[in-house]
1. Return the residue satisfying two criteria in turn: it lies in segment 1-35 and is in contact with a helix residue (DSSP H, G or I) (Cβ under 6 Å, 6 or more places away or on another chain) and part of a loop (DSSP other than H, G, I, E, B), and of such residues it is surrounded by the most Cβ atoms within 10 Å (Cβ to Cβ).
2. Name the residues in segment 6-35 that are in contact (Cβ under 8 Å) with a residue 12 or more places away in the chain and more than 22 Å from residue 64 (Cβ to Cβ), would you?
3. Tally up the residues in segment 36-68 that are in contact (Cβ under 8 Å) with a residue 24 or more places away in the chain and surrounded by fewer than 15 Cβ atoms within 10 Å (Cβ to Cβ), please.
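Each reported figure results from applying straightforward, stated rules to the coordinates on display, with no laboratory input. Only a predicted model underlies this, so the values are computations on that prediction, with no experimental measurement involved. Neighbour counts are summed over all protein chains in view; Cβ atoms, including those assigned to glycine, are modelled from backbone coordinates with ideal geometry.
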């Protein structure tokens, strides 16, 4: 079972694009709304909003409530798929029913290619 999950993760990560951190993103992260997100989350949120405006991303995946709220505030869909509590380090992951997604209220654009 664990091997199947590793294969699924490998397949998923093959579709992930790395974005270079530049001065534009760093500057945007200093004033990104909401201002109550942490430093790294502000960088993630600034990057996501930039990509969403360019039509390059339509959702982010996070379990951080403040980051999720910030993304939704910017019109970005938030995905938080169920995690098996047995697979989380503290055994507490997953508040939703298996397979249920928190997709937020809005969609920001076309899927990432």
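1. Ranking the candidates gives 32 first.
2. First, the residues of segment 6-35 that are in contact (Cβ under 8 Å) with a residue 12 or more places away in the chain: 15, 17, 19, 21, 24-26, 28-30, 32-34.
Residue satisfying the conditions is 24 alone.
3. Total meeting the criteria: 3.
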